[in-house]
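Structure provided below as structure tokens; questions to follow.
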Amino acid sequence: MPATSAPLPWALGVCAGLHAAGSRHVVYVPDNPLSHVLRVLRESYPDIRTTIATREEEAFGIAAGLYLGGKRPTVMLQSSGLGNSINALTSLFVPYQIPALILISMRGDEGEWNSAQVPMGRAVAPICDAIGLSHATATSPETTADTIALVGKTAFITRMAGVCLLPRRLTVPAPSVKVGA
Amino acid sequence: MTNKTLMTRLEATRQIATAFAGDPIVASLGHPAYDLFATGDRDTYFYTWGSMGLASSIGLGLAMAQPARRIVVLDGDGSLLMNLGSLATIGWVRPANLVVVVVDNRLYGTTGGQESATAHGADLDAAARAMGIAQTVTVTTPAELETAVVRVRAEQGPWVVVVKVDESVPAVKPPQDCVFIKQRFMAAIAVPEGGTLGGPA
């Protein structure tokens, strides 16, 4: 996607949603769809500070420190990175009741081409269930902002981290199949 | 280096706790946290009970959130080796108020004393410097540690201070209720959790 094209509606929704949840710090490990979110943040949200981490687990450590310092952190990662983060989530975020808005760009779901992404993609929701993280899914560009704002507000007011999944059907939409004549 | 010239980790931790009294301190899980508690519990201490390796990352986040406070991290060599990428991020963000103290006993003390890579040439001071952290120092005696503390208090960070120590077996453990540790810490640094305050219905 050339940088001169218009921002993607779903990416605008992600940024509006996390901003509405009161988050002004985004810690992330990038992936391709998230680059659209980062572009919107860079161009339109000067009040949001973004910090790149070398690894998703590290991103969660930084986010925990931000929360302990009084901020509302968002962590953005690809689904593969959830595997790098489980110990941080289960031994820091869950027992200390440290909230964060967690946005997971999905791989391995419908539309995937890389078989190495499929096992972790399939495991994301069961892992969240197993470790006690509630998760929602942003299903359309129109509802993304509201869904993320709700997940974030709920996380910060209940002091329990909340996940919103960004499926490939949202972030890398396939051309529509023509039905009928 | 001969072991008899080194402080124990507890002795070094006592000196660090005195030097940074009043500053928030994030303690890596296991023996570093146990020893920090042994020097005298404070509300400004955040003891981790898991997430090995992340103490310096938690410190980085705190330093970003609270730029007017000096944030101290009490890390171990084994813990920092688990998250060396943290040095790269700290070297990039360069928070002037972050001080990472590594008590380097060259072994995994909490798990039975297995040697770590710092017993065989790994140099965490040099690693920090290579990742863009300009203010680093390695100390081996109480006098050197005192000199380092004076510099840390006077000069902008981020700092990485490697204190070569010998393992000492802790006799006490910090509080074990994680939510208590968090809420007490946040109240102590004047950002009390909303859920602890009450307010309008």
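Of the conditions (1) within 13 Å of chain A (Cβ to nearest Cβ); (2) in contact with a strand residue (DSSP E or B) (Cβ under 6 Å, 6 or more places away or on another chain); (3) surrounded by fewer than 20 Cβ atoms within 10 Å (Cβ to Cβ), B:Q114 satisfies every one except a single condition; which number is it?
Exception for B:Q114: condition (1).
Here is a further query. How many residues are at positive phi and in contact with a Gly (Cβ under 8 Å, 6 or more places away or on another chain) when one looks only at segment B:11-35?
Restricting attention to segment B:11-35, the residues satisfying the condition of being at positive phi are B:22, B:30.
Checking which are in contact with a Gly (Cβ under 8 Å, 6 or more places away or on another chain) leaves us with B:30.
Number of matching residues: 1.
Within segment B:170-186, how many residues are over 19 Å from B:F20 (Cβ atoms) and touching a residue at least 12 places away in the same chain (Cβ under 8 Å)?
Count: 9.
Within segment A:77-130, which residues are without any contact (Cβ under 8 Å) to a residue 60 or more places away in the chain, assigned to a loop (DSSP other than H, G, I, E, B) and more than 20 Å from A:V151 (Cα to Cα)?
A:G83, A:N84, A:G108, A:E110, A:E112, A:W113, A:N114
Residue check, B:G109 against (1) modelled with pLDDT of 95 or more; (2) closer than 25 Å to B:D177 by Cα; (3) touching a strand residue (DSSP E or B) at 6+ places or on another chain (Cβ under 9 Å); (4) crowded, with 24+ Cβ neighbours inside 10 Å, all met but one. Which one?
With respect to (1) modelled with pLDDT of 95 or more; (2) closer than 25 Å to B:D177 by Cα; (3) touching a strand residue (DSSP E or B) at 6+ places or on another chain (Cβ under 9 Å); (4) crowded, with 24+ Cβ neighbours inside 10 Å, B:G109 is out only on (1).
Every residue in segment B:147-166 that is surrounded by 14 or more Cβ atoms within 10 Å (Cβ to Cβ) and either part of a helix (DSSP H, G or I) or at pLDDT below 95 (or both), please.
B:A148, B:V149, B:V152
Okay, residues lined up against (1) polar (S, T, N, Q); (2) within 17 Å of A:C164 (Cβ to Cβ); (3) within 16 Å of the chain's Cα centre (by Cα):
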{"residue": "A:F60", "(1), (2), (3)": "no, yes, yes"}
{"residue": "A:G69", "(1), (2), (3)": "no, no, no"}
{"residue": "A:R72", "(1), (2), (3)": "no, yes, yes"}
{"residue": "A:M76", "(1), (2), (3)": "no, yes, yes"}
{"residue": "A:G81", "(1), (2), (3)": "no, yes, yes"}
{"residue": "A:N87", "(1), (2), (3)": "yes, no, no"}
{"residue": "A:T90", "(1), (2), (3)": "yes, no, no"}
{"residue": "A:P95", "(1), (2), (3)": "no, no, no"}
{"residue": "A:I98", "(1), (2), (3)": "no, no, no"}
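Could you check, for segment A:59-78, whether at least one of its residues is in contact with a Pro (Cβ under 7 Å, 6 or more places away or on another chain), within 14 Å of chain B (Cβ to nearest Cβ), crowded, with 17+ Cβ neighbours inside 10 Å and small (G, A, S)?
Yes, some residue in segment A:59-78 is in contact with a Pro (Cβ under 7 Å, 6 or more places away or on another chain), within 14 Å of chain B (Cβ to nearest Cβ), crowded, with 17+ Cβ neighbours inside 10 Å and small (G, A, S).
Residues checked against (1) without any contact (Cβ under 8 Å) to a residue 24 or more places away in the chain; (2) surrounded by 23 or more Cβ atoms within 10 Å (Cβ to Cβ); (3) more than 14 Å from every other protein chain (Cβ to nearest Cβ); (4) farther than 15 Å from B:M186 by Cα:
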{"site": "B:T5", "(1), (2), (3), (4)": "no, no, yes, yes"}
{"site": "B:A21", "(1), (2), (3), (4)": "yes, no, yes, yes"}
{"site": "B:L29", "(1), (2), (3), (4)": "no, no, no, yes"}
{"site": "B:L36", "(1), (2), (3), (4)": "no, yes, yes, yes"}
{"site": "B:G40", "(1), (2), (3), (4)": "yes, no, yes, yes"}
{"site": "B:G50", "(1), (2), (3), (4)": "yes, no, no, yes"}
{"site": "B:G53", "(1), (2), (3), (4)": "no, yes, no, yes"}
{"site": "B:L60", "(1), (2), (3), (4)": "no, yes, no, yes"}
{"site": "B:D77", "(1), (2), (3), (4)": "no, yes, yes, yes"}
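Here are A:S85, A:S91: which of them is within 14 Å of chain B (Cβ to nearest Cβ), buried (at least 23 other Cβ atoms within 10 Å of the Cβ) and either of a type in the set (V, I, T) or within 21 Å of B:L80 (Cβ to Cβ) (or both)?
Values: A:S91 fails: buried (at least 23 other Cβ atoms within 10 Å of the Cβ).
None of the others qualify; the one that does is A:S85.
Quick check on my filter: what residues within segment B:42-61 are in a helix (DSSP H, G or I) and among the hydrophobic types (A, V, I, L, M, F, W, C)?
Selection gives B:A55, B:I58, B:L60.
The rows are residues; the columns are (1) aromatic (F, W, Y); (2) on the phi > 0 side of the Ramachandran plot.
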| position | (1), (2) |
| --- | --- |
| A:R55 | no, no |
| A:G70 | no, yes |
| A:L77 | no, no |
| A:G81 | no, no |
| A:S85 | no, no |
| A:A88 | no, no |
| A:F93 | yes, no |
| A:M106 | no, no |
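Among the residues of segment B:62-75, how many are more than 7 Å from chain A (Cβ to nearest Cβ) and either part of a strand (DSSP E or B) or in contact with a strand residue (DSSP E or B) (Cβ under 8 Å, 6 or more places away or on another chain) (or both)?
Qualifying residue count, segment B:62-75: 7.
So, one more: Going through segment A:128-151 one residue at a time, which ones are crowded, with 18+ Cβ neighbours inside 10 Å and either farther than 11 Å from A:V163 by Cα or among the aliphatic types (A, V, I, L, M) (or both)?
Those that are crowded, with 18+ Cβ neighbours inside 10 Å and either farther than 11 Å from A:V163 by Cα or among the aliphatic types (A, V, I, L, M) (or both): A:L133, A:A138, A:T144, A:A145, A:I148, A:A149, A:V151.
For segment B:175-191, which residues satisfy the criterion of being farther than 21 Å from B:G30 by Cα and either surrounded by fewer than 19 Cβ atoms within 10 Å (Cβ to Cβ) or more than 10 Å from chain A (Cβ to nearest Cβ) (or both)?
Matches in segment B:175-191: B:A187, B:A188, B:A190, B:V191.
Could you pull out the residue among A:N114, A:N87 that is of a type in the set (S, T, N, Q) and more than 30 Å from B:I181 (Cα to Cα)?
A:N114
Is it the case, given these coordinates, that B:A96 is within 9 Å of chain A (Cβ to nearest Cβ), not in a strand (DSSP E or B) and not aromatic (F, W, Y)? Break it down into steps so the answer makes sense when it comes.
Values: within 9 Å of chain A (Cβ to nearest Cβ): no; not in a strand (DSSP E or B): yes; not aromatic (F, W, Y): yes.
Criteria not met by B:A96.
Follow-up question, since we're still on this one. Filter segment A:131-163 down to residues that are assigned to a helix (DSSP H, G or I) and more than 18 Å from A:H19 (Cβ to Cβ) and give me whichever is nearest to the other protein chains (Cβ to nearest Cβ). So that I can check it myself, show each step before the final result.
Step one: of segment A:131-163, the residues assigned to a helix (DSSP H, G or I) are A:131, A:141-158.
Then keep just the ones that are more than 18 Å from A:H19 (Cβ to Cβ); that gives A:131, A:158.
Working: A:I131: 13, A:T158: 8 Å.
That would be A:T158.
The values are calculated or read from the model by the stated rules, or taken from the named source; none is laboratory data. Remember, predicted model here, so these are calculated numbers, not experimental data. As a convention, Cβ positions derive from the backbone with ideal geometry for all residues, glycine included, and neighbour counts pool all protein chains shown.
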